[in-house]
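The values are calculated or read from the model by the stated rules, or taken from the named source; none is laboratory data. What you are looking at is a predicted structure, and each value in this text was computed from that prediction instead of being measured. When we count neighbours, we look across all protein chains shown, and the Cβ atoms used for this are built from the backbone with ideal geometry, even at glycine. SASA here: full protein model, heavy atoms, side chains in, ligands and nucleic acids out. Shrake-Rupley method; radii C 1.70, N 1.55, O 1.52, S 1.80 Å.
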Amino acid sequence: MRSLLALIHARNLEFVRDRSALGWSLMFPLMLIVGFGIAFSDTDKPEYKLGVVGQPAYLDTLKQTRYLQLIPYEDETLARTKVGRHQLDLLLIEQGYVVNPDSMKGYLAERILKAEVGELPATQVQGEAVRYIDWLMPGVIGMNMMFSGLYGVGYVIVRYRKNGVLKRYQATPMKPWIFILSQICSRLLLMMATATLVFVACTLMFSIPINGSLILLFVTALLGALSLVSIGLLVACRTRSEEFGNGVLNLIAWPMMFLSGVWFSLEGTAPWIQSLASLLPLSHLNAASRAIIIDGVGIGGLLPHWLALIVISAVAIFVGARLFRWN
(Lines give C-alpha, C1' and ligand atoms only; values in the text may rest on other atoms or scores of the structure.)
Protein backbone atom coordinates (compact mmCIF):
# COMPACT_ATOMS: atom_id res chain seq x y z
CA MET A 1 0.00 0.00 0.00
CA ARG A 2 2.84 2.39 0.85
CA SER A 3 4.44 1.82 -2.55
CA LEU A 4 1.08 2.43 -4.26
CA LEU A 5 0.60 5.73 -2.44
CA ALA A 6 4.17 6.74 -3.25
CA LEU A 7 3.62 6.09 -6.97
CA ILE A 8 0.35 8.04 -6.93
CA HIS A 9 2.06 10.95 -5.19
CA ALA A 10 4.97 10.85 -7.64
CA ARG A 11 2.64 10.86 -10.65
CA ASN A 12 0.63 13.74 -9.22
CA LEU A 13 3.80 15.76 -8.68
CA GLU A 14 4.91 14.99 -12.24
CA PHE A 15 1.60 16.23 -13.62
CA VAL A 16 1.51 19.40 -11.49
CA ARG A 17 5.08 20.28 -12.37
CA ASP A 18 4.35 19.90 -16.06
CA ARG A 19 2.90 23.37 -16.56
CA SER A 20 1.80 22.69 -20.11
CA ALA A 21 -0.25 19.65 -19.09
CA LEU A 22 -1.78 21.45 -16.13
CA GLY A 23 -2.59 24.48 -18.26
CA TRP A 24 -4.26 22.47 -21.02
CA SER A 25 -6.31 20.41 -18.58
CA LEU A 26 -7.69 23.61 -17.08
CA MET A 27 -7.90 25.92 -20.08
CA PHE A 28 -8.93 23.62 -22.91
CA PRO A 29 -12.41 22.63 -21.65
CA LEU A 30 -13.07 26.22 -20.61
CA MET A 31 -12.06 27.56 -24.03
CA LEU A 32 -14.13 24.88 -25.77
CA ILE A 33 -17.26 25.60 -23.73
CA VAL A 34 -16.93 29.36 -24.15
CA GLY A 35 -16.32 29.07 -27.88
CA PHE A 36 -19.25 26.81 -28.60
CA GLY A 37 -21.42 28.68 -26.13
CA ILE A 38 -20.92 31.84 -28.17
CA ALA A 39 -21.33 30.11 -31.52
CA PHE A 40 -24.43 28.05 -30.70
CA SER A 41 -26.18 29.99 -27.94
CA ASP A 42 -29.11 31.11 -30.08
CA THR A 43 -32.30 29.71 -28.51
CA ASP A 44 -34.57 31.35 -31.09
CA LYS A 45 -33.76 28.83 -33.79
CA PRO A 46 -35.48 28.99 -37.19
CA GLU A 47 -37.78 26.13 -38.16
CA TYR A 48 -37.90 26.69 -41.92
CA LYS A 49 -35.09 27.31 -44.40
CA LEU A 50 -36.01 29.63 -47.27
CA GLY A 51 -33.60 30.32 -50.10
CA VAL A 52 -33.61 33.80 -51.63
CA VAL A 53 -32.54 34.72 -55.16
CA GLY A 54 -32.47 38.42 -55.97
CA GLN A 55 -34.55 40.90 -54.00
CA PRO A 56 -38.24 39.90 -54.01
CA ALA A 57 -40.58 42.78 -53.18
CA TYR A 58 -42.07 40.94 -50.21
CA LEU A 59 -38.70 40.07 -48.64
CA ASP A 60 -38.82 42.81 -45.99
CA THR A 61 -42.13 41.46 -44.71
CA LEU A 62 -40.71 37.98 -44.25
CA LYS A 63 -37.66 39.30 -42.44
CA GLN A 64 -39.99 40.31 -39.63
CA THR A 65 -41.41 36.80 -39.34
CA ARG A 66 -39.81 34.67 -36.66
CA TYR A 67 -38.51 31.13 -37.20
CA LEU A 68 -37.83 31.69 -40.91
CA GLN A 69 -34.19 31.42 -41.97
CA LEU A 70 -33.52 33.36 -45.17
CA ILE A 71 -30.45 32.13 -47.05
CA PRO A 72 -29.27 34.13 -50.09
CA TYR A 73 -28.23 32.28 -53.27
CA GLU A 74 -26.63 33.58 -56.44
CA ASP A 75 -27.13 30.36 -58.39
CA GLU A 76 -30.88 29.82 -58.88
CA THR A 77 -30.35 26.41 -60.47
CA LEU A 78 -28.49 25.19 -57.39
CA ALA A 79 -31.20 26.59 -55.12
CA ARG A 80 -33.96 24.87 -57.14
CA THR A 81 -32.04 21.60 -56.86
CA LYS A 82 -31.93 22.00 -53.07
CA VAL A 83 -35.69 22.55 -52.99
CA GLY A 84 -36.20 19.38 -55.02
CA ARG A 85 -34.02 17.46 -52.58
CA HIS A 86 -35.84 18.84 -49.50
CA GLN A 87 -32.72 20.71 -48.41
CA LEU A 88 -34.61 24.00 -48.72
CA ASP A 89 -38.27 24.34 -47.74
CA LEU A 90 -38.98 27.18 -50.19
CA LEU A 91 -37.12 29.26 -52.72
CA LEU A 92 -38.11 32.91 -52.93
CA ILE A 93 -37.60 34.48 -56.36
CA GLU A 94 -38.63 37.84 -57.77
CA GLN A 95 -41.42 36.25 -59.80
CA GLY A 96 -42.91 34.35 -56.85
CA TYR A 97 -41.60 31.22 -55.15
CA VAL A 98 -40.56 27.62 -55.80
CA VAL A 99 -41.83 24.72 -53.68
CA ASN A 100 -41.60 20.96 -53.63
CA PRO A 101 -45.16 19.58 -53.32
CA ASP A 102 -43.83 16.42 -51.65
CA SER A 103 -42.09 18.30 -48.83
CA MET A 104 -43.97 18.45 -45.51
CA LYS A 105 -42.02 21.47 -44.27
CA GLY A 106 -42.36 23.03 -47.71
CA TYR A 107 -46.13 22.76 -47.42
CA LEU A 108 -46.14 24.49 -44.03
CA ALA A 109 -43.66 27.17 -45.16
CA GLU A 110 -45.88 27.86 -48.16
CA ARG A 111 -48.89 28.38 -45.86
CA ILE A 112 -46.88 30.84 -43.76
CA LEU A 113 -45.76 32.69 -46.88
CA LYS A 114 -49.33 33.05 -48.12
CA ALA A 115 -50.52 34.21 -44.71
CA GLU A 116 -47.82 36.88 -44.54
CA VAL A 117 -47.73 38.27 -48.09
CA GLY A 118 -50.79 36.82 -49.87
CA GLU A 119 -51.02 34.80 -53.07
CA LEU A 120 -47.92 34.66 -55.27
CA PRO A 121 -47.02 32.82 -58.48
CA ALA A 122 -45.79 29.35 -57.54
CA THR A 123 -43.49 26.95 -59.36
CA GLN A 124 -43.24 23.33 -58.34
CA VAL A 125 -40.10 21.22 -58.50
CA GLN A 126 -39.87 17.57 -57.55
CA GLY A 127 -36.95 15.36 -56.70
CA GLU A 128 -35.78 12.63 -54.44
CA ALA A 129 -34.94 13.75 -50.92
CA VAL A 130 -31.34 13.39 -49.79
CA ARG A 131 -31.39 11.09 -46.78
CA TYR A 132 -29.50 12.17 -43.70
CA ILE A 133 -27.33 9.05 -43.89
CA ASP A 134 -26.33 9.98 -47.47
CA TRP A 135 -25.27 13.41 -46.22
CA LEU A 136 -23.74 12.17 -42.95
CA MET A 137 -21.49 9.38 -44.24
CA PRO A 138 -18.80 11.57 -45.89
CA GLY A 139 -18.59 13.72 -42.77
CA VAL A 140 -18.16 10.79 -40.38
CA ILE A 141 -15.49 9.20 -42.59
CA GLY A 142 -13.74 12.58 -42.80
CA MET A 143 -13.88 12.95 -39.02
CA ASN A 144 -12.33 9.50 -38.58
CA MET A 145 -9.56 10.47 -41.00
CA MET A 146 -9.00 13.66 -39.02
CA PHE A 147 -8.42 11.84 -35.73
CA SER A 148 -6.24 9.23 -37.43
CA GLY A 149 -4.12 11.85 -39.18
CA LEU A 150 -3.67 14.18 -36.23
CA TYR A 151 -3.05 11.64 -33.50
CA GLY A 152 -1.48 8.93 -35.64
CA VAL A 153 1.36 11.28 -36.55
CA GLY A 154 1.33 14.08 -33.99
CA TYR A 155 0.95 12.07 -30.82
CA VAL A 156 3.20 9.23 -31.98
CA ILE A 157 6.13 11.51 -32.85
CA VAL A 158 5.82 13.33 -29.52
CA ARG A 159 5.89 9.97 -27.73
CA TYR A 160 8.94 8.93 -29.76
CA ARG A 161 10.70 12.12 -28.70
CA LYS A 162 9.82 11.73 -25.04
CA ASN A 163 10.86 8.05 -24.94
CA GLY A 164 14.19 8.71 -26.63
CA VAL A 165 13.36 6.89 -29.86
CA LEU A 166 14.10 9.98 -31.96
CA LYS A 167 17.44 10.42 -30.23
CA ARG A 168 18.41 6.90 -31.31
CA TYR A 169 17.30 7.67 -34.86
CA GLN A 170 19.48 10.78 -34.76
CA ALA A 171 22.52 8.59 -34.07
CA THR A 172 21.98 6.79 -37.38
CA PRO A 173 22.76 8.15 -40.89
CA MET A 174 19.03 8.75 -41.38
CA LYS A 175 18.10 12.24 -42.58
CA PRO A 176 15.16 14.03 -40.89
CA TRP A 177 13.24 14.26 -44.16
CA ILE A 178 13.39 10.46 -44.57
CA PHE A 179 11.85 9.97 -41.13
CA ILE A 180 9.17 12.60 -41.81
CA LEU A 181 8.35 11.11 -45.22
CA SER A 182 8.08 7.62 -43.74
CA GLN A 183 5.62 8.82 -41.12
CA ILE A 184 3.50 10.62 -43.73
CA CYS A 185 3.43 7.70 -46.17
CA SER A 186 2.71 5.09 -43.50
CA ARG A 187 -0.20 7.05 -42.07
CA LEU A 188 -1.60 7.85 -45.52
CA LEU A 189 -1.69 4.17 -46.44
CA LEU A 190 -3.50 3.28 -43.21
CA MET A 191 -5.96 6.17 -43.50
CA MET A 192 -6.85 5.43 -47.10
CA ALA A 193 -7.24 1.71 -46.41
CA THR A 194 -9.55 2.21 -43.42
CA ALA A 195 -11.53 4.97 -45.14
CA THR A 196 -12.05 2.74 -48.19
CA LEU A 197 -13.26 -0.17 -46.08
CA VAL A 198 -15.70 2.02 -44.12
CA PHE A 199 -16.91 3.68 -47.33
CA VAL A 200 -17.60 0.37 -49.06
CA ALA A 201 -19.32 -1.09 -45.99
CA CYS A 202 -21.59 1.95 -45.51
CA THR A 203 -22.42 2.17 -49.19
CA LEU A 204 -23.51 -1.45 -49.29
CA MET A 205 -25.32 -1.47 -45.94
CA PHE A 206 -27.35 1.69 -46.56
CA SER A 207 -27.59 1.57 -50.38
CA ILE A 208 -26.01 5.01 -50.70
CA PRO A 209 -25.99 6.20 -54.33
CA ILE A 210 -22.72 7.60 -55.68
CA ASN A 211 -23.51 10.19 -58.36
CA GLY A 212 -19.94 11.24 -59.11
CA SER A 213 -16.61 9.70 -60.03
CA LEU A 214 -14.95 7.31 -57.60
CA ILE A 215 -11.56 8.39 -58.95
CA LEU A 216 -12.27 12.01 -58.02
CA LEU A 217 -13.50 10.85 -54.62
CA PHE A 218 -10.25 8.93 -54.07
CA VAL A 219 -8.14 11.96 -55.04
CA THR A 220 -10.18 14.15 -52.70
CA ALA A 221 -9.73 11.70 -49.81
CA LEU A 222 -5.99 11.47 -50.49
CA LEU A 223 -5.53 15.26 -50.49
CA GLY A 224 -7.65 15.57 -47.35
CA ALA A 225 -5.66 12.85 -45.59
CA LEU A 226 -2.37 14.53 -46.55
CA SER A 227 -3.51 17.88 -45.14
CA LEU A 228 -4.57 16.32 -41.83
CA VAL A 229 -1.35 14.33 -41.48
CA SER A 230 0.62 17.49 -42.24
CA ILE A 231 -1.06 19.36 -39.40
CA GLY A 232 -0.24 16.49 -37.04
CA LEU A 233 3.39 16.73 -38.15
CA LEU A 234 3.40 20.50 -37.56
CA VAL A 235 2.13 20.07 -34.00
CA ALA A 236 4.76 17.41 -33.24
CA CYS A 237 7.78 19.06 -34.86
CA ARG A 238 9.18 20.32 -31.52
CA THR A 239 6.71 19.27 -28.85
CA ARG A 240 8.31 17.26 -26.01
CA SER A 241 5.40 16.72 -23.63
CA GLU A 242 2.73 14.14 -24.48
CA GLU A 243 0.19 16.04 -22.39
CA PHE A 244 0.92 19.32 -24.15
CA GLY A 245 0.84 17.67 -27.56
CA ASN A 246 -2.45 15.98 -26.74
CA GLY A 247 -3.87 19.33 -25.62
CA VAL A 248 -2.88 21.09 -28.83
CA LEU A 249 -4.29 18.24 -30.93
CA ASN A 250 -7.56 18.42 -28.98
CA LEU A 251 -7.67 22.17 -29.49
CA ILE A 252 -7.44 21.57 -33.23
CA ALA A 253 -9.57 18.43 -33.55
CA TRP A 254 -12.67 19.21 -31.52
CA PRO A 255 -13.52 22.63 -33.00
CA MET A 256 -12.78 21.18 -36.44
CA MET A 257 -15.21 18.35 -35.78
CA PHE A 258 -18.04 20.78 -34.98
CA LEU A 259 -17.21 23.55 -37.46
CA SER A 260 -16.49 21.43 -40.54
CA GLY A 261 -20.03 20.24 -41.22
CA VAL A 262 -19.66 16.70 -39.90
CA TRP A 263 -23.05 16.49 -38.15
CA PHE A 264 -24.96 19.46 -39.55
CA SER A 265 -24.73 21.99 -42.34
CA LEU A 266 -23.29 25.44 -41.59
CA GLU A 267 -25.35 26.95 -44.37
CA GLY A 268 -27.15 30.01 -43.03
CA THR A 269 -24.98 30.34 -39.90
CA ALA A 270 -23.16 33.54 -38.95
CA PRO A 271 -20.69 34.73 -41.62
CA TRP A 272 -17.75 34.65 -39.20
CA ILE A 273 -18.42 30.97 -38.44
CA GLN A 274 -18.45 30.15 -42.15
CA SER A 275 -15.24 32.13 -42.67
CA LEU A 276 -13.55 30.23 -39.85
CA ALA A 277 -14.80 26.91 -41.23
CA SER A 278 -13.34 27.72 -44.66
CA LEU A 279 -9.85 27.70 -43.11
CA LEU A 280 -10.20 24.12 -41.86
CA PRO A 281 -9.05 21.23 -44.05
CA LEU A 282 -11.87 18.98 -42.85
CA SER A 283 -14.41 21.51 -44.18
CA HIS A 284 -12.98 21.24 -47.68
CA LEU A 285 -12.69 17.46 -47.46
CA ASN A 286 -16.32 17.07 -46.38
CA ALA A 287 -17.66 19.63 -48.86
CA ALA A 288 -15.79 18.10 -51.80
CA SER A 289 -16.77 14.54 -50.86
CA ARG A 290 -20.45 15.45 -50.57
CA ALA A 291 -20.31 17.36 -53.84
CA ILE A 292 -19.07 14.21 -55.58
CA ILE A 293 -21.34 11.71 -53.84
CA ILE A 294 -24.58 13.73 -53.78
CA ASP A 295 -24.27 16.18 -56.67
CA GLY A 296 -21.92 14.37 -59.03
CA VAL A 297 -19.66 17.42 -59.31
CA GLY A 298 -16.70 17.24 -61.70
CA ILE A 299 -13.15 18.54 -61.49
CA GLY A 300 -14.16 22.16 -62.10
CA GLY A 301 -16.29 22.31 -58.97
CA LEU A 302 -13.67 20.53 -56.87
CA LEU A 303 -10.64 22.64 -57.77
CA PRO A 304 -11.18 25.30 -55.04
CA HIS A 305 -11.34 22.59 -52.37
CA TRP A 306 -8.35 20.72 -53.81
CA LEU A 307 -6.30 23.91 -53.98
CA ALA A 308 -7.10 24.73 -50.35
CA LEU A 309 -6.05 21.24 -49.22
CA ILE A 310 -2.82 21.39 -51.24
CA VAL A 311 -1.91 24.81 -49.81
CA ILE A 312 -2.58 23.66 -46.23
CA SER A 313 -0.48 20.53 -46.77
CA ALA A 314 2.41 22.38 -48.40
CA VAL A 315 2.61 25.06 -45.71
CA ALA A 316 2.30 22.60 -42.80
CA ILE A 317 4.89 20.18 -44.22
CA PHE A 318 7.35 22.97 -45.06
CA VAL A 319 7.10 24.63 -41.65
CA GLY A 320 7.04 21.30 -39.80
CA ALA A 321 10.11 20.02 -41.63
CA ARG A 322 12.05 23.24 -41.06
CA LEU A 323 11.24 23.30 -37.34
CA PHE A 324 11.63 19.57 -36.74
CA ARG A 325 14.05 18.53 -34.01
CA TRP A 326 15.14 15.06 -32.94
CA ASN A 327 15.11 15.99 -29.24
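Of note:
- For trypsin sites (Lys or Arg not before Pro), the sites in the range 84-168 that DSSP calls loop and that have at most 16 other Cβ atoms within 10 Å are Arg131.
- Over the range 285-327, the fraction of Cα-Cα pairs per 10 Å bin, rounded to whole percents and listed from the shortest bin up, is 26, 35, 22, 14, 4.
- Probe 1.4 Å, protein heavy atoms only - accessible area per residue of the chain in square angstrom: 54 Å²
- Of the three principal axes defined by the Cα atoms of the chain, the extents in descending order read 79, 44, 36 Å.
- Within the full protein context, the accessible area of Trp135 is estimated at about 40 Å² for a probe radius of 1.4 Å.
- Per residue of the chain, the DSSP helices (runs of n ≥ 4 H) give a summed -39500 (n - 2.57) that works out to -21500 deg cm²/dmol at 222 nm.
- Converting the Cα gyration tensor eigenvalues of the range 142-190 into ellipsoid dimensions via √(5λ) gives semi-axes, longest first, of 23, 13, 6 Å.
- Among beta bridges that DSSP assigns inside the chain, antiparallel share in %, nearest 5: 20 percent
- Rolling a 1.4 Å probe over the protein heavy atoms of the chain, with every protein chain left in place, gives an accessible area that is 65 percent carbon and sulfur.
- Computed 3J(HN,Hα) for the range 98-113, one whole-Hz value per residue from the Karplus formula 6.51 cos²θ - 1.76 cosθ + 1.60 where θ = phi - 60°, is 10, 9, 9, x, 8, 8, 5, 5, x, 4, 5, 5, 5, 5, 5, 4, glycine and proline marked x.
- For the range 130-269, the fraction of alpha-carbon pairs lying more than 27 Å apart is 30 percent, rounded to a whole number.
- For the range 140-192 versus the range 270-323, the gap between their alpha-carbon centres in whole angstrom: 22 Å
- Only lysines eight or more places from Lys105 in sequence, or on another chain, were considered; those with a Cα closer than 19 Å are Lys45, Lys49, Lys63, Lys82, Lys114.
- When the residues Leu251, Leu190, Leu266 are ordered by accessible surface, computed with a 1.4 Å probe over the protein chains alone, the sequence from largest down reads Leu190, Leu251, Leu266.
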